[in-house]
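Here is the structure we will look at.
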Amino acid sequence: MVADDRVTVGPWWQRVVSKQRRANHRLGASLVPVTQSPNEHPPGKKVQGSDKTPLYRVAYDQGLRTLDDQRDEFNAARGRAVQFMALVAAATAFLVGTGLNSSTTNRDGTFYAVAIAATALTVLALVSLFLTLSPRLVFNFRLQPQILLERWIDREVPGPTEPDLLRALAARMQGMIDANETILTKVRIRYMWLLGSGTFALLTWAVLAWARG
């Protein structure tokens, strides 16, 4: 006997049994639970990531790399400034000592005007070097351990977690990067002033030594 919706031909008692089986079959099908695919989500509901630790670590590593690049540029600019000024000083001393320190040099008004201009450029280069090496230019490269312990590691509410720590450190690094960038801009400008004034001072001394020597 097939329990479907087709009309069953036979005695009356067979038709009654057939109807009862069809009713039981439909009732059982309506009670089967509908399973939802694990990839399906209710419409309109945003799926949140359970663990963003790898993403926070990427931001943290990128912040460390940027801080290292800033520190390298800062130290390199200072080192090059000292080397350049040493070269200018040595060349200036040579030109003044050999080409201008002579009794036969014609020292008229033009000579003193050019000498004063060259001296002013040399002084400007020295001032630019001093500002570039100023101890007031303090970079932020690291956090104090006490701050890490008090603000993130040993706190009670909310409890410390690795994603929270990485996110907080990445945000703190961004503030350090912005502050360091302001200092780097000053160092770049002073370094350019040093290069310009030192170069023109050296050229002025060289022209004066060649013309009056």
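One table, with the values for the structure above:
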read-out: Net lengthening on full extension, residue 192/residue 111 (0.36 nm per residue, minus Cα-Cα); value: 26.4 nm
read-out: Surface/4 of the Cα convex hull for region 172-213, nm²; value: 2.7 nm²
read-out: Histogram of C-alpha separations across region 123-213, 5 Å bin width, %; value: 2, 12, 14, 13, 10, 9, 8, 7, 6, 5, 4, 3, 2, 2, 1, 0
read-out: Low-density loop positions, chymotrypsin sites (Phe, Trp or Tyr not before Pro), region 134-184 - DSSP coil, at most 15 other Cβ in 10 Å; value: 141
read-out: Euclidean distance between Cα centres, region 126-148 to region 167-213, Å; value: 15 Å
read-out: Charge context of residue 187, other residues only, Cβ under 9 angstrom, K/R +1, D/E -1; value: +3
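Laboratory data are not the source of any read-out in this text; all were calculated from the coordinates shown. This structure is a prediction, so every number in the text was calculated from the model and none was measured. Don't worry about glycine lacking a Cβ; one is built from the backbone with ideal geometry, like all the others, and counts go over all protein chains shown.
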